[in-house]
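Following: one structure in structure tokens, then a few remarks.
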């Protein structure tokens, strides 16, 4: 993946999230409030994260426990499937965390050793912040519910968050074309 694409992807994601928070309609806010416990979001987000993770397991090299990949694949497929039945609470939040963690690697790989482009640090900083947030929310997914409740207590908070996300997304989109 090129550095331009690797910077453009988080920029567009942040821009879309920012616009959603800025739009602030009742349908959008109710969807955001329902996201942590949504069954449909759990199936989509955690399912996508599980498939991506299992794809990575299936393509392990011999140096990375590749000789055990079938056993690892079966084990983690069973764990992912059982998660839908045994721990369905906040599975959508965990799915988001998995997708952020898996998505961080190709983005950071694109910026690796690109010292001649110091503006790459705008993207790298956002990705590392996302990784830290994903680890935190993966361990305590109920915190996203608490944050969303806090966010919507005052009508100005979602707009401020949306403006900040959209502005940083625009910055990343602009930086993507400077390489």
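The values are calculated or read from the model by the stated rules, or taken from the named source; none is laboratory data. These figures come from a predicted structure and were not determined experimentally. Note: ideal-geometry Cβ built from the backbone for every residue, glycine included; neighbour counts use all protein chains shown.
Okay, here's what the table says:
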quantity	calculated
Single residue of segment 85-107 satisfying the filter (over 21 Å from residue 43 (Cα atoms) and touching a residue at least 24 places away in the same chain (Cβ under 8 Å)) that is surrounded by the most Cβ atoms within 10 Å (Cβ to Cβ)	107
Residues that are at pLDDT 95 or above and out of contact with any helix residue (DSSP H, G or I) (no Cβ under 8 Å at 6 or more places or on another chain), drawn from segment 150-161	160
So residue 164, is it touching a helix residue (DSSP H, G or I) at 6+ places or on another chain (Cβ under 9 Å), surrounded by fewer than 15 Cβ atoms within 10 Å (Cβ to Cβ) and either modelled with pLDDT of 95 or more or not in a helix (DSSP H, G or I) (or both)	yes
Residues within segment 122-148 that are touching a residue at least 60 places away in the same chain (Cβ under 8 Å), farther than 30 Å from residue 176 by Cβ and in a helix (DSSP H, G or I), tallied	2
Enumerated helices (runs of 4 or more DSSP H) restricted to segment 1-68, each holding at least 2 residues that are in contact (Cβ under 8 Å) with a residue 60 or more places away in the chain and surrounded by fewer than 17 Cβ atoms within 10 Å (Cβ to Cβ)	3-23
Failed criterion for residue 157 (all others in (1) over 19 Å from the mean Cα position of the chain (by Cα); (2) surrounded by 13 or more Cβ atoms within 10 Å (Cβ to Cβ); (3) in contact (Cβ under 8 Å) with a residue 60 or more places away in the chain hold)	(3)
Residue in segment 108-115 that is more than 30 Å from residue 147 (Cβ to Cβ), in a helix (DSSP H, G or I) and without any contact (Cβ under 8 Å) to a residue 60 or more places away in the chain present	no
